[in-house]
Amino acid sequence: MADLFGGEDIGSNTAPDTAPLADRLRPRALDDVVGQDHLTGPEGAIGRMVAAGRLSSIILWGPPGTGKTTIARLLADAVGMRFEPISAVFSGVADLKKVFATAKEHARRGEKTLLFVDEIHRFNRAQQDSFLPFVEDGTVTLIGATTENPSFELNAALLSRAQVLILRRLDAAALEQLLDRAEALMAHPLPLTPAAREALVASADGDGRFLLNQVETLYSIDIPQPLDPAGLSALLHRRVAVYDKDREGHYNLISALHKSLRGSDPQAALYYLARMLTAGEEPLYVLRRLVRFATEDIGLADPQAVIQCLAAKDSYEFLGSPEGELAIVQACLYCATAPKSNAAYAAMKSAWKSARETGSLMPPQNILNAPTRLMKSIGYGKDYQYDHDAAEGFSGANYWPEEMAPQTFYTPTDRGFEARVAERIAHWNRLRAERDA
C-alpha cells in the first residue's frame, strides 16, 4: 500500500520516478505527516512514545487515507524496531504463526519487532486472541490499523492491552499541504483555477491517498488551460462518500438523523437524510427509523406524524426511486417540525417494568367477563359499571388489581395535541376524586 504524505525535502526522496506519486511523496519522519499533529506532535501520544524511545501496543483508528500505515512504518524507524507488516485480508493463522516464530528468533538476538496489522478488524475473535500471549511477553509490539469502531470489532482482551489512538479525517489545510508538496515534486503548479483547486480538495472528502491519485491523473494529461470546477468535474470522478451499511458510518449517520429530528432542526435532519440516501442506504431502512421516531419522540403530541411516515412508505413503494424519495423528505420534515413528546415512550417503559414486577395479579372481579354460571356465582362481573350509561360517559370505577395501588405511567406534556389529552385526563381525575370523596 502506498504511503501518503511527503516530507519537505522532497527532492531527495529515494522512490523511483516511475513509482506512484503517493509513493514518491512518502515521508521519512513523523514530523512530515500532515493532519495528525494531535498524535505525532511533541505533546501527542505518539510523540511522547518516540521521545521516550519506547512503544506500547496501539490500535490506529481512522478513515481511509489518513496515514495509518505511514505512521506505523515511521514508528518502527523512530525507535529502531524491525517492521513486520501483514494484512488481515490476506493472512490466516498459519501466517501469524510464522510471524510470531520469526519475531521470537529476532528477540533472542535482541531485536524487537513492530508487528503492523492492516485492517485488523477483519480477523475473527479467535485470530485476535492468538495475538495476546505474544503481546504480553513482549515478542511483538502490535500496531493495528482499522477504519471500524474498535469497541465493536475488536476483542475486549486485545483492547485492554493496546492504546486506541484516533486519526482525524484530513481537513482542507492538510490536503492543501499535500497539493503544495506534489507541485514542488512535479516542479510546476496544477492546471487548475483557484475555484477548481478548492473543488479538488473538497472532492477528496478527507482522504489524502485519493487526493494524490487525482493529482497524478491531472499531471498525466496534457491540459493547455487551467480547468475550472466544471472542467475538473468532467475530467475526474468525485469520490463516493465513505459509508458501509452494516458498520460505523451507518450507525453514526442514523444517530445524527434521529438526534436532529429530536432537536427540531429540519435543516440538519435533511442533510443527514441526504447523506444516507446518496451514499446508497436502503430507503425502507430510513423509513422504518422515521416511523420509530414518530412513535418514540412525537407520540400523541402529533398523532399524524406516524401516519405521515407510513404514508411516505406507501408512496415510496408506489413510486420507487428517485421520485419516491420526495415522500421520505416530506416525512422527515414533518417529524422535525412537529411538537415533540416522549411521554408514550416513557409510559411504555414504566408500564413494562411494573408488569414484570407485579407478576400475575388478578384484575378486580367487577371488570371480568362471566360467560358461565360458575363464574357469575363467584363474583365475576358483579357490580360492573357500564361507562356509557354514566354521566359524562365516565363511571370512575377502579380497574386495578386489589393488591396494587393505582399507578401513573403516562403523563402527557402540554405540547401539541397532547395538551388536549392532558386536559381530558385531568378532568377524569377530578371526577374520580369527587366520586371517591
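The values are calculated or read from the model by the stated rules, or taken from the named source; none is laboratory data. Values in this document were obtained by computation on a predicted structure and should not be read as measured data. Neighbour counts are summed over all protein chains in view; Cβ atoms, including those assigned to glycine, are modelled from backbone coordinates with ideal geometry. All accessible areas refer to the heavy atoms of the entire protein, side chains included, with ligands and DNA or RNA removed. Shrake-Rupley method; radii C 1.70, N 1.55, O 1.52, S 1.80 Å.
Couple of notes before you dig in:
- Net charge, ALA391 excluded, C-beta distance under 14 Å - Lys, Arg +1, Asp, Glu -1: -1
- About the centre of its Cα atoms, segment 279-335 shows a dipole size close to 120 debye [charges on the beta carbon of Lys, Arg (+1) and Asp, Glu (-1) only; nearest 20 debye].
- Helix 93-108 and the long axis of the chain differ in direction by around 50°, with both axes built from C-alpha atoms.
- Near MET404: Cβ cut-off under 14 Å, other residues only, Lys/Arg at +1 and Asp/Glu at -1. The net charge is -1.
- Using R0 = 56 Å, the C-beta based FRET efficiency linking MET362 and VAL329 works out to 0.65.
- In the full protein context, segment 108-191 carries 47 Å² of accessible surface per residue, based on a 1.4 Å probe and ignoring ligands, DNA and RNA.
- Descending semi-axes in Å of the chain, equivalent ellipsoid built from Cα gyration tensor: 61, 32, 17
- Cross-link table LYS353/LYS382; LYS313/LYS340; LYS349/LYS382; LYS349/LYS376, entries beyond 27 Å C-alpha to C-alpha: LYS353/LYS382; LYS349/LYS382; LYS349/LYS376
- Listed by chain and number, the aspartates and glutamates whose C-alpha is less than 15 Å from the C-alpha of LYS259, apart from same-chain residues fewer than 8 away, are GLU296, ASP297.
- Converting phi to 3J(HN,Hα) with the Karplus coefficients 6.51, -1.76 and 1.60 and the offset θ = phi - 60°, segment 312-328 yields 5, 4, 4, 5, 5, 5, 6, 8, x, 8, x, 4, x, 5, 5, 5, 5 Hz in sequence order, with x at every glycine or proline.
- Modelled label positions at ARG435 and GLU403, each set 7 Å beyond Cα in the direction of Cβ, lie 2.5 nm from each other.
- Segment 46-160 shape via C-alpha gyration tensor axes, a/c threshold 1.5: oblate
- Stretched out straight at 0.36 nm per residue, the stretch from HIS38 to ALA195 would grow longer than its current Cα-Cα span by 53.6 nm.
- When peptides 366-372, 162-168, 27-33 are ranked by their average number of other Cβ atoms within 10 Å per residue, the highest-first order is 27-33, 162-168, 366-372.
- For the chain, the longest principal axis of the C-alpha atoms and the axis of helix 172-186 are separated by about 20°.
- Rolling a 1.4 angstrom probe over the chain with all protein chains present gives an accessible area of which 54% lies on carbon and sulfur atoms.
- In the chain, taking the dipole from charged Cβ atoms about the Cα centre, the farthest positive-side position among ALA305, THR113, LEU167 is held by THR113.
- The phi-based Karplus calculation (6.51 cos²θ - 1.76 cosθ + 1.60; θ = phi - 60°) puts the 3J(HN,Hα) values of segment 137-149 at 8, x, 4, 9, 9, 8, 10, x, 10, 8, 9, 9, 4 Hz, whole numbers, x for Gly and Pro.
- Of all lysines in the structure, the ones whose alpha carbon falls short of 28 Å from that of LYS97, not counting any fewer than 8 places away in one chain, are LYS68, LYS112.
- The chain: most fluctuating residue of THR70, THR295, THR358 per GNM, C-alpha cutoff 10 Å: THR358
- Of all the options TYR285, TYR251, TYR334, the one that moves most in a Gaussian network model of the chain with Cα springs shorter than 10 angstrom is TYR285.
- At R0 = 45 Å, FRET efficiency that the Cβ-Cβ distance of SER264 and ALA173 yields, to 0.05: 0.85
- Tilt relative to the chain, helix 208-219 - C-alpha long axis, 0 to 90 degrees, to 10: 50 degrees
- Accessible surface area normalised per residue over segment 382-437 is 76 Å², counting heavy atoms of protein chains with a 1.4 Å rolling probe.
- For segment 56-71, Karplus couplings with θ = phi - 60° (6.51, -1.76, 1.60), whole Hz, Gly/Pro x: 9, 5, 9, 10, 8, 10, x, x, x, x, 10, x, 5, 5, 4, 4
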